[in-house]
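To start, the structure under review is shown below, and the notes come after it.
The values are calculated or read from the model by the stated rules, or taken from the named source; none is laboratory data. Every value quoted in this text rests on a predicted model; they were computed, and no experiment measured them. Using ideal geometry, Cβ is built from the backbone for each residue, glycine included, and neighbour counts are taken over all protein chains shown.
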């Protein structure tokens, strides 16, 4: 009796969204804190990184072309670029934007929590450590068919407050990203 099962190989296509938080803070001095009314940012304030051997786009920074198979996965994560790493972004939501109903794709949030150990900042003892939980958040969607979609990526921008120990909300923003799956 053969108990082996076939191996089905699936691929995950990772898109990294890079957001220039310094430019956003200088271009949008008054930001929205209402999650229902985020501010749309210009393309110069963000770009997407997607690694593929063959680039089929003139504007690869703001549109992504994915050559995939049925049931492969697209993941989207975000990161901020800032000279002194005092800013942070959190992707809040990815939803369809100007997409035909039959072409809509659902991106679901995924959160992975990991235990970490770090030096206790409240202790002078070099050997004093604390453990904490660190969360990694991204969005993913299964590919069911070739499609051209436009999604709205909503994110929150946080800055390091004056005491240097906490990040406070600067504002909520969004931008469109075009993804073509073929």
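See the values below:
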| read-out | value |
| --- | --- |
| Selection within the range 166-177 - touching a residue at least 12 places away in the same chain (Cβ under 8 Å) and surrounded by fewer than 18 Cβ atoms within 10 Å (Cβ to Cβ) | 167, 169, 176 |
| Residue that is surrounded by the most Cβ atoms within 10 Å (Cβ to Cβ) [pool: residues in the range 126-143 that are assigned to a strand (DSSP E or B) and modelled with pLDDT of 80 or more] | 139 |
| Failed item in (1) assigned to a strand (DSSP E or B); (2) at pLDDT below 70, with residue 13 passing the rest | (2) |
| Residue within the range 85-100 that is surrounded by 15 or more Cβ atoms within 10 Å (Cβ to Cβ), closer than 26 Å to residue 148 by Cα and either in contact with a helix residue (DSSP H, G or I) (Cβ under 8 Å, 6 or more places away or on another chain) or at pLDDT below 85 (or both) present | yes |
| Residue within the range 105-114 that is surrounded by 16 or more Cβ atoms within 10 Å (Cβ to Cβ) and in contact with a strand residue (DSSP E or B) (Cβ under 6 Å, 6 or more places away or on another chain) present | yes |
| Criterion: at positive phi, part of a loop (DSSP other than H, G, I, E, B) and without any contact (Cβ under 8 Å) to a residue 24 or more places away in the chain - qualifying residue of 85, 123, 162 | 85 |
| Extreme residue, surrounded by the fewest Cβ atoms within 10 Å (Cβ to Cβ), among residues of the range 31-49 that are modelled with pLDDT under 85 and touching a strand residue (DSSP E or B) at 6+ places or on another chain (Cβ under 8 Å) | 34 |
| Output for the range 25-41, where each listed residue is touching a residue at least 40 places away in the same chain (Cβ under 8 Å) and not in a loop (DSSP other than H, G, I, E, B) | 25, 39, 40 |
